[in-house]
Amino acid sequence: MNRRVYLAAVGTAASASLAGCTSVMSVFDSDPCSGEDCNIGMSRNAFIPREYEASVGDTVVWKNTSEADHTVTALESSIPEDAEYFASGGYDDEDTARAAWHEYFGGRIATRETFEHTFEVAGTYEYICEPHVYGDMIGTIVVTE
């Protein structure tokens, strides 16, 4: 066998394989909602983007773009006073939303599923993914007039 031909073929195949992996990873790491019907993607342990700006009246859509289960759970202490509480699963408060996840995976957003919320009050809203909060899966929505 011609050694140069063999090495060239192996190198080309390896480069093509790695190039494909790199392009797929960069799409999901940089903007998983590009071309999708969502504003915020969910990777294995991050909201992408971590901070999102919306206007009063906008509906924000989160999409689970990973293989892990996630939640969107607002932190009551860090949303505007007159704002409506939000959490995947439709819970009315943070304690109920957190307990539901730990009791029966309540509020679960499975792979490729979405959750949406319409913001009616200007201000800053912080939220977490309950199963991944200790991995720093925290997000912020800044709503302006």
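Looking at G139, is it under 27 Å from D31 (Cβ atoms), touching a residue at least 12 places away in the same chain (Cβ under 8 Å) and part of a strand (DSSP E or B)? Against the criterion (under 27 Å from D31 (Cβ atoms), touching a residue at least 12 places away in the same chain (Cβ under 8 Å) and part of a strand (DSSP E or B)), G139 qualifies. Scanning region 93-109 for residues that are out of contact with any helix residue (DSSP H, G or I) (no Cβ under 6 Å at 6 or more places or on another chain) and either loosely packed, with under 13 Cβ neighbours inside 10 Å or not in a helix (DSSP H, G or I) (or both) yields a count of 8. Taken over region 110-131, the criterion of being under 13 Å from the mean Cα position of the chain (by Cα) and crowded, with 21+ Cβ neighbours inside 10 Å is satisfied by F115, Y127, I128, C129, E130. Counting only strands (runs of 3 or more DSSP E) that sit wholly inside region 25-85, those with at least 3 residues that are surrounded by fewer than 18 Cβ atoms within 10 Å (Cβ to Cβ) and touching a strand residue (DSSP E or B) at 6+ places or on another chain (Cβ under 8 Å) are 51-55.
What do you reckon, is E67 at pLDDT 90 or above and under 22 Å from I138 (Cα atoms)? So E67 fits the description; yes.
Somewhere in region 114-133, is a residue over 26 Å from D37 (Cα atoms) and of a type in the set (S, T, Y)? No, region 114-133 contains no residue that is over 26 Å from D37 (Cα atoms) and of a type in the set (S, T, Y).
The values are calculated or read from the model by the stated rules, or taken from the named source; none is laboratory data. Please read all numbers here as calculations on a predicted model, not as lab measurements. Every residue, glycine among them, receives a Cβ derived from its backbone with ideal geometry; neighbour counts consider all protein chains shown.
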